[in-house]
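Structure, as structure tokens:
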There are 2 protein chains.
Amino acid sequence: MRASELNQRKPVILKVGGSVITDKNNELAPQTQVMNRLAEEIQKANVKNLVIVHGGGSFGHPTAQKYAIKDGLKDDKQILGFAETHHVMTVLNGLFMDALVWHNIPAVSITPSSCMTTEMGRIKFFDETILKMLLRMGFLPVLYGDTILDEKLGFTILSGDQIVSHIARKFDAERIIIGVDVDGLYDADPKVAENAKMYSHLTLQELKKLQDKLGEPTACDVTGGMLGKMTELVPAIEQGIPVTIVNGTKQDYIYKALSGEKVEGTIIERE
Amino acid sequence: MRASELNQRKPVILKVGGSVITDKNNELAPQTQVMNRLAEEIQKANVKNLVIVHGGGSFGHPTAQKYAIKDGLKDDKQILGFAETHHVMTVLNGLFMDALVWHNIPAVSITPSSCMTTEMGRIKFFDETILKMLLRMGFLPVLYGDTILDEKLGFTILSGDQIVSHIARKFDAERIIIGVDVDGLYDADPKVAENAKMYSHLTLQELKKLQDKLGEPTACDVTGGMLGKMTELVPAIEQGIPVTIVNGTKQDYIYKALSGEKVEGTIIERE
């Protein structure tokens, strides 16, 4: 069987939260040891047709907030801010790519702002040809939350979560794995509420009931934290794509999730 | 007058040779001091509607050659080589972007492999929308020679020179400035032939007569050196876009060329 046929299976989408690969309480603080551990886990799991999307953490978010990039172009001073925010995101991506490539993973970055545009913050244009070609040839495409040109706002922020949901639906993904810095989905913010209770399994209906109660993030996050993540992912879950939330800061949790092994976390399915 | 109207003038394309921003005799050797000087010159010249394209130098070329990326996908071992070559090019681009952004230049990188494909090594697909939007908003788009997916070869190398020529023609550029590590175009390789004679002005007809005699590059260059550069640029010159070749390793030469000041170099025009 040719590699191209083997690769026709549905893709798996792994989101690596900015809170996992950066220290969100300090500006421009990469967690390079975590990146190296994740690269080992991804290499070991060896999942075919994997797509990775990572967040901005302490690279993208503080810079984007400083210049109010998400609000769109309102002031010429933001022009330099957009350039700076995009640049720091490419630096973070470069550090993560470094870890992946030097672990002999055929990872190839796709720069969202080079190939996508949005309208009022929602993906309007994205030609999937290159992503498809990369997967067919056996590469591991890596995308990330980025500054983006917007047809109405001039520019804005495109979150990694929106990219995950968009690609998962377009490619009818087998499943989505979300690596964050908490153990799963709680009924309150586990970093604030001591008695927050984690769910191990939720149906879409149960998730929708919970959405009003979900905790807000503790560090700055222009894309909305866990609540925003879940809102973005609902359309993918509705399409029948299961979502697994795991703690990416803990050794082998992402490895186990990728390999299909049992691991602590929250699984959300259509029914 | 609005900024968007001011920016309707024809773009200027600046090619920064890999031989200028890297040491081509050593692998992965950036010339960060040169990058900083160039950033100062570009900032000082303050040319509206500028597009920069840079080469691969000692980042792209040795890695691409090691894995024969230009020849296309022939062996699975090249898959990692493609990932590695693309990665080192993004690292070089990141270093140059660092110099530009920290000099308060609103530079935004466009990753060629994220938005272009080739067929038999020639650009087949490139949607210019994002480049156009960036220019209209007052950004300085920066592209670079990159690994690229090819519809026939699987993948190959897309040279910065081909990108320059493509964009110049599509956008009907005002002029092209080529910054290299020699003073201009010679009748022989000035690094080898002591009596090589530099031309200060050439017509297209004169250039075509000279092409057979031009010197070959002294360091590895998978995209073909000065001869390749000229071959790529001929269609742009035929379209009436003048090309100025200057020494980018010399202080203020690129600044003067950008500002339209008289500077030593070679000008090539249609007639």
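Rule-based calculations on the coordinates, nothing more; no lab input. Remember, predicted model here, so these are calculated numbers, not experimental data. Cβ placement follows ideal geometry from the backbone for every residue including glycine, while neighbour counts extend to all protein chains displayed.
Give me the net charge of A:Asp98's neighbourhood, meaning all other residues with Cβ under 15 Å from the Cβ of A:Asp98; Lys, Arg count +1, Asp, Glu -1.
-1
For a quick check: sort B:Met230, B:Met89 by the number of other beta carbons within 10 angstrom, fewest at the front.
Ranked by crowding around the Cβ, least crowded first: B:Met230, B:Met89.
Quick one: what are the phi-derived ³J(HN,Hα) couplings along the range B:173-185, Karplus 6.51/-1.76/1.60 with θ = phi - 60°, whole Hz, x for glycine and proline?
Here the 3J(HN,Hα) series is 4, 5, 6, 10, 10, 10, x, 10, 9, 10, 6, x, 9 Hz.
With helices defined as uninterrupted DSSP H runs, which ones in chain A have an alpha carbon span along their own long axis of at least 27 Å and mean Kyte-Doolittle hydropathy of at least -0.5?
Going by DSSP H runs, the hits are A:77-101.
Equivalent-ellipsoid semi-axes (√(5λ), Cα gyration tensor) for the range A:64-130, whole Å, largest first? Walk me through the numbers on the way to the answer.
Working: eigenvalues 142, 60, 11 Å².
Working from the Cα gyration tensor, I get semi-axes of 27, 17, 8 Å.
Would you calculate, for the protein assembly as shown, the mean residue ellipticity at 222 nm contributed by helices, counting each DSSP H stretch of 4 or more residues as -39,500 (n - 2.57) and dividing by all residues, to the nearest 500?
-11500 deg cm²/dmol, from helical runs alone.
Estimate the FRET efficiency between B:Asp127 and B:Gln239 by the formula 1/(1 + (r/R0)^6), using the beta-carbon distance for r and 22 Å for R0, to the nearest 0.05.
With a Förster radius of 22 Å, E is 0.55.
If we hang a label 7 Å off Cα along the beta carbon direction at B:Lys208, how far is it from the matching labels on the other copies, in nm, shortest first?
Those label-point separations list as 6.9 nm.
For each of B:Ser114, A:Ser109, A:Ser259, count neighbouring Cβ atoms within 10 Å of the residue's Cβ, then give the residues from fewest to most.
The order, fewest Cβ neighbours first, is A:Ser259, B:Ser114, A:Ser109.
What share of the DSSP beta bridges in the protein assembly as shown is antiparallel, in percent to the nearest 5?
40 percent
Please arrange A:Met35, B:Met133, A:Met137 by how many other C-beta atoms lie within 10 Å of their C-beta, fewest to most. Could the numbers behind the result be given before it?
Values: A:Met35 23, B:Met133 17, A:Met137 20.
Ascending number of Cβ neighbours within 10 Å: B:Met133, A:Met137, A:Met35.
Given springs between every Cα pair under 10 Å in a Gaussian network model of chain B, which of B:Gly260, B:Gly17, B:Gly248 has the largest fluctuation?
For chain B, modelled as a Gaussian network with Cα springs under 10 Å, the answer is B:Gly260.
Given labels modelled 7 Å from the Cα in the Cβ direction, how far is it in nm from B:Asn36 to A:Ala188?
Each label point lies 7 Å from its Cα, and together they span 5.2 nm.
Which Cα, out of B:Leu149, B:Gly260, B:Val180, lies furthest along the positive dipole direction of chain B (beta carbon charges, K/R +1, D/E -1)?
Of the listed residues, the answer is B:Gly260.
Over 21 Å between Cα atoms: which of A:Lys256/B:Lys77; A:Lys70/A:Lys209; A:Lys44/A:Lys262; B:Lys70/B:Lys191; A:Lys24/A:Lys44; B:Lys132/B:Lys170 fall into that group? Kindly include the intermediate steps, with their values, before the conclusion.
Details: A:Lys256/B:Lys77 27 Å; A:Lys70/A:Lys209 28 Å; A:Lys44/A:Lys262 16 Å; B:Lys70/B:Lys191 26 Å; A:Lys24/A:Lys44 27 Å; B:Lys132/B:Lys170 11 Å.
Those over the limit are A:Lys256/B:Lys77; A:Lys70/A:Lys209; B:Lys70/B:Lys191; A:Lys24/A:Lys44.
Across the range A:244-256, in residue order, what do the Karplus-derived ³J(HN,Hα) couplings come to in whole Hz, using 6.51 cos²θ - 1.76 cosθ + 1.60 with θ = phi - 60° and x for Gly and Pro?
Running phi through 6.51 cos²θ - 1.76 cosθ + 1.60 with θ = phi - 60° gives 10, 9, 9, 7, x, 7, 9, 3, 6, 5, 5, 4, 5 Hz.
Give me log10 I(q)/I(0) at q = 0.11, 0.13 Å⁻¹ for the protein assembly as shown, Debye formula, one equal scatterer per alpha-carbon, no solvent.
Evaluating at q = 0.11, 0.13 Å⁻¹ gives log10 I(q)/I(0) of -0.94, -1.25.
Please find, in a Gaussian network model of chain A (springs between Cα atoms separated by less than 10 Å), the residue of A:Lys229, A:Lys15, A:Lys77 whose mean-square fluctuation is greatest.
A:Lys77
Starting from the Cα gyration tensor of chain A, take the square roots of the eigenvalues, sort them a ≥ b ≥ c, and report rounded, prolate or oblate (rounded when a/c is under 1.5, otherwise prolate if a/b is larger than b/c, else oblate). Before the final figure, lay out each step's value.
Values: a/c = 1.34, a/b = 1.08, b/c = 1.24.
Rounded, since a/c falls under 1.5.
Based on the alpha-carbon gyration tensor of the range B:59-176 and its eigenvalue square roots a ≥ b ≥ c, which shape applies: rounded if a/c is under 1.5, prolate if not and a/b is larger than b/c, or oblate?
oblate
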